[in-house]
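Participant: Can you keep this structure in mind? I'll have questions shortly.
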């Protein structure tokens, strides 16, 4: 057998994922209208005014509707826009079904997000043929069986494969091998490069870097001076240098847990704000205990009705995973920073983890620490068994505020990541 | 055949081997009376996995009134619900 030293990596990316999944599901249920053929978006609920565009159809793109903008802004651009609320359960099922199919072609599949996967095709040529033919076969297999289209990028590492799948959509297979970089990747504007975002682009433009090629041919010493280690990373990316493995699991060590919510009305009084913070803390603390961690840092963020965001954090004296203790700190730091203006969005976040198996007690701990932990554990177990609404704090009665808030309600929903 | 997607009650045999065969179904008309249709022949069956949602699609034939009609029944594995999909 030929010795294969070069890796072959596929990046599979679902075309307008949430929208095509929603469209295919509706067609299967007998709807005659295909959402993909009309201006339509998936996202939020226009009635409760919260919500942004999560995915858009290609006809919606012609109205210059952008992912991430508010539904209000989108409707202004296209008044007859069709809006459908997201159903995460369906997306998880679609994503799982796709991973199932991919695993027929290679044992090493990494789910990068709900709609993106990496597949290590190295050494699979004897089974499914040349990479391009195999990619086309996978793409058609997914379309035939699951009804939605994907783009597949092929290269020798994850970064280039990901760049390749982004070239022309939909339903395409592209290659971006190292020798194709100057022709296919360098002419692109620098903001198209993975990890070059809103904050980096103006800095690069100031350095007269406008295309990926400009960045690739820049002096790395100079870039490190300006942009530190991140600069070196994007310089390497621009040159196609990246060698992370396709990880079977997507388990990266957690660094923080947070939840936030946009409130359906403007919060003006302290009491209501505290209740919302408590409902967020409930979710965050449950997730923290579920992950088996204690936290040593608590942070909150506030977005006011002028869309101005600010945050505040505090280091704890001792690590904790108790809802009560976290909430106490949350309340304190909220009271310290809140200026009394109208609030639109609140967030709670914990980080600086240590294991919850053994940890240092503080002299100033409450005496009934063990009791509190037992109580939290019991509540978690009841909620797990009988649903999150089975036990709630009495303060939420008649308050119109959900006793737990934040999150998409689907724990196994794969999050977005900036780490390849 | 045209898409109608009406929910229906179904009698079916679930064989030991995991094979499902619809025997008869009933459907409610607009005046709330029921019509029972015996499935004369299952012409084709296919497992549809669109959007990752598994549904058995049965293409069947029956004599309805005095006409031979071709139609499609769908059985959703997740919800155990049947529908008259196309007729």
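Participant: Within region B:1-10, can you find the residues that are surrounded by 13 or more Cβ atoms within 10 Å (Cβ to Cβ) and either away from every other protein chain (no Cβ under 14 Å) or free of Cβ contacts under 8 Å to residues at least 12 places away in the same chain (or both)?
Facilitator: Correct list: B:10 only.
Participant: I've got another one for you. Report yes if residue A:373 is out of contact with any helix residue (DSSP H, G or I) (no Cβ under 7 Å at 6 or more places or on another chain), more than 17 Å from residue A:319 (Cα to Cα) and surrounded by 10 or more Cβ atoms within 10 Å (Cβ to Cβ), otherwise no. Even if it seems obvious, please write down each step before you answer.
Facilitator: On the way: out of contact with any helix residue (DSSP H, G or I) (no Cβ under 7 Å at 6 or more places or on another chain): yes; more than 17 Å from residue A:319 (Cα to Cα): no; surrounded by 10 or more Cβ atoms within 10 Å (Cβ to Cβ): yes.
When the stated conditions are applied, residue A:373 does not pass them.
Participant: Out of the residues in region B:11-43 that are over 20 Å from residue B:66 (Cα atoms) and in a strand (DSSP E or B), state the one that is farthest from the other protein chains (Cβ to nearest Cβ).
Facilitator: Within region B:11-43, the subset over 20 Å from residue B:66 (Cα atoms) is B:11-22, B:30-32.
Among the residues that remain, those that are also in a strand (DSSP E or B) are: B:11-14, B:20-22.
On the way: B:11: 22, B:12: 20, B:13: 25, B:14: 22, B:20: 18, B:21: 22, B:22: 18 Å.
Result: B:13.
Participant: One residue is enough: does region B:66-86 have a residue meeting the conditions in contact (Cβ under 8 Å) with a residue 24 or more places away in the chain and farther than 22 Å from residue A:29 by Cα?
Facilitator: no
Participant: Let me ask something additional. Do the conditions hold for residue A:171, that is, is it surrounded by fewer than 20 Cβ atoms within 10 Å (Cβ to Cβ), on the phi > 0 side of the Ramachandran plot and touching a residue at least 12 places away in the same chain (Cβ under 8 Å)?
Facilitator: Yes; evaluated as a whole, the condition is true for this residue.
Participant: Sort through B:84, B:70 and tell me the only one that's at pLDDT 90 or above and within 14 Å of chain A (Cβ to nearest Cβ). Spell out the reasoning first.
Facilitator: Values: B:70 fails: within 14 Å of chain A (Cβ to nearest Cβ).
Exactly one of B:84, B:70 is at pLDDT 90 or above and within 14 Å of chain A (Cβ to nearest Cβ), namely B:84.
Participant: Quick one: would you say residue A:205 is more than 24 Å from residue A:91 (Cβ to Cβ), part of a helix (DSSP H, G or I) and either in contact with a strand residue (DSSP E or B) (Cβ under 7 Å, 6 or more places away or on another chain) or not assigned by TED's automatic domain parsing to the domain that holds residue A:20 (or both)?
Facilitator: Values: more than 24 Å from residue A:91 (Cβ to Cβ): yes; part of a helix (DSSP H, G or I): yes; either in contact with a strand residue (DSSP E or B) (Cβ under 7 Å, 6 or more places away or on another chain) or not assigned by TED's automatic domain parsing to the domain that holds residue A:20 (or both): yes.
Considered against the rule, which asks whether it is more than 24 Å from residue A:91 (Cβ to Cβ), part of a helix (DSSP H, G or I) and either in contact with a strand residue (DSSP E or B) (Cβ under 7 Å, 6 or more places away or on another chain) or not assigned by TED's automatic domain parsing to the domain that holds residue A:20 (or both), residue A:205 comes out as yes.
Participant: Just to be sure I understand, how many residues within region B:25-81 are in contact with a helix residue (DSSP H, G or I) (Cβ under 8 Å, 6 or more places away or on another chain) and at positive phi?
Facilitator: First, the residues of region B:25-81 that are in contact with a helix residue (DSSP H, G or I) (Cβ under 8 Å, 6 or more places away or on another chain): B:48-53, B:55.
When the remaining residues are screened for being at positive phi, the result is B:51-52.
Summing the residues that are in contact with a helix residue (DSSP H, G or I) (Cβ under 8 Å, 6 or more places away or on another chain) and at positive phi in region B:25-81 gives 2.
Participant: Enumerate the strands (runs of 3 or more DSSP E) found wholly within region A:228-341, keeping only those where 2 or more residues are within 23 Å of residue A:368 (Cα to Cα) and free of Cβ contacts under 8 Å to residues at least 40 places away in the same chain.
Facilitator: Output list reads A:309-320.
Participant: What about residue A:146, is it surrounded by 16 or more Cβ atoms within 10 Å (Cβ to Cβ), touching a helix residue (DSSP H, G or I) at 6+ places or on another chain (Cβ under 7 Å) and over 28 Å from residue B:47 (Cα atoms)?
Facilitator: no
Participant: Right, here's the next one. Given (1) facing chain A (nearest Cβ under 10 Å); (2) touching a residue at least 24 places away in the same chain (Cβ under 8 Å); (3) under 21 Å from residue B:13 (Cα atoms), identify the lone condition not met by residue B:53.
Facilitator: Going through the list (1) facing chain A (nearest Cβ under 10 Å); (2) touching a residue at least 24 places away in the same chain (Cβ under 8 Å); (3) under 21 Å from residue B:13 (Cα atoms), residue B:53 breaks only (3).
Participant: On to the next question. Please go through region A:110-142 and pick out each residue that is within 14 Å of chain B (Cβ to nearest Cβ) and in a helix (DSSP H, G or I).
Facilitator: Within region A:110-142, A:141, A:142 qualify.
Participant: Assess whether residue B:17 counts as being closer than 23 Å to residue A:29 by Cα and out of contact with any helix residue (DSSP H, G or I) (no Cβ under 7 Å at 6 or more places or on another chain). First the steps, then the outcome.
Facilitator: On the way: closer than 23 Å to residue A:29 by Cα: no; out of contact with any helix residue (DSSP H, G or I) (no Cβ under 7 Å at 6 or more places or on another chain): yes.
So residue B:17 does not fit the description; no.
Participant: Still on this structure, I have one more. Does region B:44-62 hold any residues that are within 12 Å of the chain's Cα centre (by Cα) and either surrounded by 12 or more Cβ atoms within 10 Å (Cβ to Cβ) or not in a strand (DSSP E or B) (or both), and which are they?
Facilitator: B:45, B:55, B:56, B:57, B:58, B:59, B:60, B:61, B:62
Participant: Do you know which residues across region A:6-35 are part of a helix (DSSP H, G or I) and either touching a residue at least 12 places away in the same chain (Cβ under 8 Å) or away from chain B (no Cβ under 11 Å) (or both)?
Facilitator: A:17, A:18, A:19, A:20, A:21, A:22, A:23, A:24, A:25, A:27, A:28, A:35
Participant: If residue A:82 satisfies all but one of (1) within 25 Å of residue A:167 (Cα to Cα); (2) in contact (Cβ under 8 Å) with a residue 24 or more places away in the chain; (3) over 23 Å from the mean Cα position of the chain (by Cα), what's the number of the condition it fails?
Facilitator: (1)
Per-residue answers, yes or no, for (1) under 26 Å from the mean Cα position of the chain (by Cα); (2) modelled with pLDDT under 90; (3) closer than 14 Å to residue A:327 by Cα; (4) surrounded by 15 or more Cβ atoms within 10 Å (Cβ to Cβ):
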| residue | (1), (2), (3), (4) |
| --- | --- |
| A:218 | no, no, no, yes |
| A:252 | yes, yes, no, no |
| A:278 | yes, no, yes, yes |
| A:289 | yes, yes, no, yes |
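Participant: Mind listing just one residue for me: the one in region A:57-109 that is over 17 Å from residue A:17 (Cα atoms) and part of a strand (DSSP E or B) and, of those, nearest to the other protein chains (Cβ to nearest Cβ)?
Facilitator: Across region A:57-109, the extreme among qualifying residues is A:109.
Participant: Take the residues in region A:352-373 that are part of a helix (DSSP H, G or I) and either closer than 23 Å to residue A:258 by Cα or in contact (Cβ under 8 Å) with a residue 60 or more places away in the chain (or both), then tell me which one is farthest from the chain's Cα centre (by Cα).
Facilitator: A:372
Conditions tested, residue by residue: (1) in contact with a strand residue (DSSP E or B) (Cβ under 9 Å, 6 or more places away or on another chain); (2) modelled with pLDDT of 90 or more; (3) away from every other protein chain (no Cβ under 14 Å).
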| site | (1), (2), (3) |
| --- | --- |
| A:144 | no, yes, no |
| A:154 | yes, yes, yes |
| A:160 | yes, yes, yes |
| A:171 | yes, yes, yes |
| A:175 | yes, yes, yes |
| A:180 | yes, yes, yes |
| A:184 | yes, yes, yes |
| A:188 | yes, yes, yes |
| A:194 | no, yes, yes |
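The values are calculated or read from the model by the stated rules, or taken from the named source; none is laboratory data. Because the structure is predicted, anything quoted here is derived from the model rather than measured. Methodologically, a virtual Cβ is constructed for each residue, glycine included, from the backbone with ideal geometry; neighbour enumeration extends over all protein chains shown.
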